[in-house]
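In what follows, a structure is listed as structure tokens, so that the remarks can point back to it.
The values are calculated or read from the model by the stated rules, or taken from the named source; none is laboratory data. Worth saying up front: this structure is predicted, and the values here are computed from it rather than measured. Positions of Cβ are generated from backbone atoms using ideal geometry, with glycine treated the same way; all protein chains shown enter the neighbour counts.
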């Protein structure tokens, strides 16, 4: 009903009016919505929606698509009931169509799949509850992200989308696809799910997401309008029609059917929608008027779903793709692989915030109504902050500095809100109303409570559905402590690098270490008492500076754009080192070692601005590399990009493996693309890939796996080697729109940002390596924040509790997933049957999932997620309230 009729014997040109509204980039989310700070960029989303709705009402033929629910949600709340009814009518008639529908258009390289699912759920839920079936997006629309992940396509397919459209792919790949007419394809986005479960029709748009050259009629454009009065001197209809027909026929030559799509809009356009629609109406009328003269071109207002419907009706066989679209380059020396690492502190904060949010969601349910104290959605601030952070100019690190600060502020505000709920829940579950302090700076040994108290308690919560062992490190000033129920404890001195990085924010001289055993979905409390005060323990063993040669921490100097091959500099998006060989930061390292029953550490200082701790806890098989980098020196007027490189004797044959958004693993090969012949022009940047949670190299004997604590870029540039970029500081803008260099500083570090992180390394035999590294990766994503248990029994090792959150007043949302790929593990890559009755929560009452749509027992197959809503009966709610 909503799609205009096409003509079977003509070239049908589908004009798609749209706007691309970044949820923060050059301006903050608020500034973009209100139209504030137009001195930075002229953009006001509220006016776009006002104007588009007004213009759609003037001509029932017109169409418009909208994408970013974060903005539409704000606008909708401010409308009168009559305007809301008008918009509902436009949606019901298909004249206003939502595409994608997530809270934002997420980045695809630096986002974790769990956070993507959450932000998509937020947006789609609002559209469904507001507009019903007619508001459901049928098409995924990622026109701006800088490369495309296979896991995103897999998720979109499993969410029920009919197709996926995007604008950016490697310039060599596009050239080949244009020749072969393979710009529309079938993406088989999982090697675990049985086709067509993860199959998704995918279309590559012809002009990125812009209109054809010469046909932009926004107030931000300079193209001439259609002047159609023949009595006036500047009449140009004939010229417009001729140019349009030439472009349309040329585009048709590189697509497969007699249908082509044109995106008529761009960034923050349609603020004055009359300009666009007045000219589009004329374009359609005058081009179609040529059909009477024998023209075979038919132009119509359309939407992506209407266009996709026609492609399906063509009943053709499409090219098949099974890998992904990384890395992305738009020219020979312009690889967009720098943003895999840009703003590493923000990337880490986003990952921590995701863990915090999942913990809060779970404790809201475990604690019951008392955890909310009458407020149903206490977590909305945190949820919205996390959803906005998934935007392709947020966690990606490609925004202006003041916008990055705004994202971080939102995440911090969300966590402050969340802390109230956690405290309420723990009070309800433990019966203790003691004041709880949250120490958010333990990574730099800062916690005023533990530094100054002789006696305190520690609550540790485990958000995973299986028990975990986890080391706790607390800043203290004593040398001997009693820790109740801890399996081993020790006190070690705070390192020099930690004292340097925390500056005046703490005064602890020691760290108290102990191992906790955290039950599934549960918390436990450890009591800590001081036995002896005094100086740092004398357990340090100093070694000569030449004992350890620096083979792992190196740096690339960035291109400044001044060379004969290209004037492209490194920047927030682009990685372009000025040499194919990294520089050794220091040939020697000052070292000291510490050995206690709990931990063994080797502390290394390579330079005043770079240090590392090699750490092994107890019986753990995972080795920690804790790195501290910054401020990166720029005295030589060159930007720096610091890497850690792991060199091994593993015979990799130039292959290595990276994860896709934290889920399935993909095989990579140096200087190779699976579906096209690569002409490699940047041997370093052109071999970098996103590492969201883990990467590995292997041969028949050994597998080295690295689990990251944030999204980072990396590659294998030599056999047996794996390198990961840790931090980057650049002095030039890379001319991709952000308009400022990636030169971060802060109030604490005005001379340049210092960043600390941790890599976890494990060495296993390939058949069993996945059994270790996949659970470890989930443990790093959802860290214990542990004796109460939230489950009657732990879930099987192959099953991950992805989501447990309040849905509405009477129900919760539960997602379980099989987290292993097909043939990844001999033990765990098999279907698993889960008895849902085991998920009854031990709250003193039986919290039954009695209205699950799934059966009581559900079999999960490889990499498949099961979602269900479980309702609490009134009887159970009353009993719960009475018990609590």
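What the table shows:
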{"read-out": "Within the stretch 79-89, considering residues that are closer than 24 Å to residue 3 by Cβ and in contact with a helix residue (DSSP H, G or I) (Cβ under 8 Å, 6 or more places away or on another chain), the one surrounded by the most Cβ atoms within 10 Å (Cβ to Cβ)", "value": "87"}
{"read-out": "Single residue of 404, 394 found to be within 21 Å of residue 32 (Cβ to Cβ), at pLDDT 90 or above, outside any loop (DSSP other than H, G, I, E, B) and in contact with a helix residue (DSSP H, G or I) (Cβ under 9 Å, 6 or more places away or on another chain)", "value": "404"}
{"read-out": "Residue ID - modelled with the highest pLDDT, chosen from residues in the stretch 795-813 that are crowded, with 19+ Cβ neighbours inside 10 Å and assigned to a loop (DSSP other than H, G, I, E, B)", "value": "798"}
{"read-out": "Search result, residues across the stretch 678-710 that are farther than 22 Å from residue 574 by Cβ and part of a loop (DSSP other than H, G, I, E, B)", "value": "693, 699, 700, 701, 702, 709"}
{"read-out": "Odd one out for residue 389, checked against (1) at pLDDT below 90; (2) crowded, with 22+ Cβ neighbours inside 10 Å", "value": "(1)"}
{"read-out": "Matching residues in the stretch 711-727 - criterion: being touching a helix residue (DSSP H, G or I) at 6+ places or on another chain (Cβ under 9 Å) and part of a loop (DSSP other than H, G, I, E, B)", "value": "711, 716, 717"}
{"read-out": "Residues that are touching a helix residue (DSSP H, G or I) at 6+ places or on another chain (Cβ under 8 Å) and crowded, with 19+ Cβ neighbours inside 10 Å, drawn from the stretch 478-505", "value": "498, 501, 502"}
{"read-out": "Evaluation of residue 427 against (1) surrounded by fewer than 24 Cβ atoms within 10 Å (Cβ to Cβ); (2) part of a strand (DSSP E or B) (one fails), failing number", "value": "(2)"}
{"read-out": "Helices (runs of 4 or more DSSP H) wholly inside the stretch 90-200 containing at least 3 residues that are crowded, with 22+ Cβ neighbours inside 10 Å", "value": "113-131, 150-158"}
{"read-out": "Number of the exception - residue 635 against (1) farther than 30 Å from residue 862 by Cβ; (2) in contact with a strand residue (DSSP E or B) (Cβ under 9 Å, 6 or more places away or on another chain); (3) at pLDDT below 95", "value": "(2)"}
{"read-out": "Options 28, 6, 86; residue that is over 24 Å from residue 248 (Cβ atoms) and over 34 Å from the mean Cα position of the chain (by Cα)", "value": "86"}
{"read-out": "Residues located in the stretch 1-30, provided they are surrounded by 21 or more Cβ atoms within 10 Å (Cβ to Cβ) and farther than 30 Å from residue 258 by Cα", "value": "21, 22, 23, 24, 25, 26, 27, 28, 29"}
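Here's the yes/no breakdown for (1) in contact with a helix residue (DSSP H, G or I) (Cβ under 7 Å, 6 or more places away or on another chain); (2) at pLDDT 95 or above:
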| site | (1), (2) |
| --- | --- |
| 165 | yes, yes |
| 170 | no, yes |
| 192 | no, no |
| 203 | no, yes |
| 233 | no, no |
| 236 | no, yes |
| 243 | no, yes |
